[in-house]
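Worksheet for the structure shown next.
The values are calculated or read from the model by the stated rules, or taken from the named source; none is laboratory data. If you're wondering where the values come from, they're calculated on a predicted model, not measured in any experiment. Ideal geometry is used to build each Cβ from the backbone, glycine not excepted, and the neighbour counts take in all protein chains shown.
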Amino acid sequence: MDLCLNNGNLIYRSGTQQARVLTESWVSQNLYCPRCGNLNINKFPNNKPVADFYCPVCSNQFELKSKNGSLGKKVNDGAYEKMIERITSNENPDFLFMSYSKSELVVKDLILVPKHFFVPELIEKRKPLADTARRAGWVGCNILLEKIPQQGRVEIITNGIIINRNDVISKVNIGQKLEVKELNTRGWMMDILNCVNKIDDNIFSLNQVYGFEKELRIKHPKNNNIKPKIRQQLQFLRDKGLIEFLGEGMYRKKQL
């Protein structure tokens, strides 16, 4: 895998278009399928409504979001309503988030977020464009990377270091255990997983997770059974092999 971006064939004056060509070309020439391990993924024709790339072997689809500099806590995206429609459909793609250096022409970071880790709460609505703007009233969005559990952030390149391909595929497979179709259930699973991730100790208690009750109540104001919901989701994580129940309200993290 070559981390250099090839700018030899740039024909666009627009910086946005140049960045798109540079990063998409890099993916086409260098990236394997993080789902099945096939040595390449193919680019869809331009303006594909759902995704940018697909794997010719497993048919999984990927959408690329790239950013000059650090990815940070959020990444700008397109129209809010279209994004919500996309991630709640049956054809939503996995997302690839790339950071690169425009001055050095190198890829710095690349992470995969599998489709089943996306919920509407991860999409932040931006303010409508002003009446004086060319697209007055248009509403864009941001993807809130900071709210995605670490199990849903599969590192492929980190700070210019290429992660072993087998390790990448293994983490994708572990994360696949957490696939939940129903959006509300998926949202609760991610909320409790984030709570567990915030606990520093490898062994933790049910009461420690109950400590997030106030935070969860704010997120789910219509739910009057927060503690039963916590216990339900801990059981789900236990059944999926991510935590182990030790008895007497104690748990151990396994593959977190």
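Figures for the structure shown
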| quantity | calculated |
| --- | --- |
| The stretch 212-256, residues that are under 20 Å from G152 (Cα atoms) and among the polar types (S, T, N, Q) | Q233, Q235, Q255 |
| The stretch 188-207, residues that are assigned to a helix (DSSP H, G or I) and either buried (at least 17 other Cβ atoms within 10 Å of the Cβ) or in contact with a Gly (Cβ under 9 Å, 6 or more places away or on another chain) (or both) | W188, M189, M190, D191, I192, L193, N194, C195, V196, L206, N207 |
| Scan of the stretch 43-67 for residues that are surrounded by fewer than 19 Cβ atoms within 10 Å (Cβ to Cβ) and touching a helix residue (DSSP H, G or I) at 6+ places or on another chain (Cβ under 7 Å), ordered by number | K43, V50 |
| First in the stretch 197-224 and more than 14 Å from R252 (Cα to Cα), second anywhere and part of a helix (DSSP H, G or I) and among the aromatic types (F, W, Y), Cβ under 8 Å, 6 or more apart | H220/W188 |
| Residue ID - surrounded by the most Cβ atoms within 10 Å (Cβ to Cβ), chosen from residues in the stretch 167-180 that are touching a residue at least 60 places away in the same chain (Cβ under 8 Å) and of a type outside the set (V, I, T) | G175 |
| Leading residue by the ranking (modelled with the lowest pLDDT) among those in the stretch 131-187 that are among the hydrophobic types (A, V, I, L, M, F, W, C) and touching a His at 6+ places or on another chain (Cβ under 8 Å) | V180 |
| Close pairs (6 angstrom Cβ cut-off, 6 or more residues apart or separate chains): without any contact (Cβ under 8 Å) to a residue 60 or more places away in the chain in the stretch 113-139, of a type in the set (S, T, Y) anywhere | K125/Y80 |
| Filtered residue count, the stretch 176-187, keeping only those that are basic (K, R) and either touching a Phe, Trp or Tyr at 6+ places or on another chain (Cβ under 7 Å) or not in a helix (DSSP H, G or I) (or both) | 2 |
| Criterion violated by S101 - all others in (1) assigned by TED's automatic domain parsing to the domain that holds Q233; (2) surrounded by fewer than 20 Cβ atoms within 10 Å (Cβ to Cβ) satisfied | (1) |
| Among residues of the stretch 26-46, those that are touching an Asp or Glu at 6+ places or on another chain (Cβ under 9 Å) and not in a loop (DSSP other than H, G, I, E, B), counted | 5 |
| Options V154, V139, V106, V119: the member that is on the phi < 0 side of the Ramachandran plot and in contact with a Gly (Cβ under 6 Å, 6 or more places away or on another chain) | V119 |
